[in-house]
Amino acid sequence: MTDWKSALAALGGTAEANDEKEKTAIDRKKRVGVVYSTNPDYEYVEDGQDATDTLPKQQQKLRLNVERAGRGGKTVTLVKGFVGSEEDIAVLCRLLKQKCGVGGAVKEGEIIIQGDHRQRLVELLKKEGYTQTK
């Protein structure tokens, strides 16, 4: 059985050249919207999203709402106001789902917990250190 790199080398290409082509293709996909520049000194600068630092638990102002509209008649509890990274909000969502024994998700910076669990979530969040929860 031959290695794909040796097979590619036999065809006249090299693995490094193909890796470079794949890398430039990925870089090109990131630059959607920039078609061409006539400036020879132009360098594309990506708008890097700054990683938001997670506020300490005591400074988080979390608000709980119960919503039913637009969800097929199902009641959900929304936890809004979390300021932090995607990983941290996912960890908090996982904790709340486990403690309530229900499903849920993180969408658009909000934690969605299935069912009406306002009282229980307020108690859980305050117990975890989120003191400004309402």
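The values are calculated or read from the model by the stated rules, or taken from the named source; none is laboratory data. Being a predicted model, the structure only gives us computed values, none of them experimental. So basically every Cβ, Gly included, is an ideal-geometry build from the backbone, and we count neighbours across all protein chains shown. Areas reflect the complete protein model, heavy atoms only, side chains present, ligands, DNA and RNA absent. Shrake-Rupley method; radii C 1.70, N 1.55, O 1.52, S 1.80 Å.
Indicate the gyration tensor shape class of the range 76-134 (rounded, prolate or oblate), computed on the Cα atoms with a ≥ b ≥ c the square roots of the eigenvalues: a/c under 1.5 is rounded; otherwise a/b larger than b/c is prolate and the rest oblate.
Numbers: a/c = 1.45, a/b = 1.08, b/c = 1.34.
Rounded shape, in that the Cα axes give a/c under 1.5.
Counting Lys and Arg as +1 and Asp and Glu as -1, what is the net charge of the other residues whose Cβ lies under 12 Å from the Cβ of Leu124? Working shown, then result.
Numbers: positive: Lys97, Lys99, Arg118, Arg120, Lys126, Lys127; negative: Glu123, Glu128.
That works out to +4.
Calculate, in nm to one decimal, what Gln114 and Leu11 gain on full extension: separation in residues at 0.36 nm each, minus their alpha carbon distance.
Details: separation 103, 0.36 × 103 = 37.08 nm, distance 5.68 nm.
Result for the pair: 31.4 nm of gain on full extension.
For the residue pair Leu95 and Lys57, what label-to-label distance in nm results when each label sits 7 Å from Cα along the Cα-to-beta-carbon direction?
So the label points at Leu95 and Lys57 sit 0.5 nm apart.
Note down the accessible area of Ser85, probe 1.4 Å, to the nearest 10 Å².
20
Take the solvent-accessible surface of the protein heavy atoms, probe 1.4 Å, and return the percent of it on the range 57-122 that carbon and sulfur atoms account for. Before the final figure, lay out each step's value.
Details: 1760 of 3910 Å².
Ligands and nucleic acids excluded, carbon and sulfur give 45 percent.
Roughly how many Å² is the accessible area per residue of the range 68-121, as a whole number, for a 1.4 Å probe?
On the way: 3180 Å² over 54 residues.
Ligands and nucleic acids excluded, the result is 59 Å² per residue.
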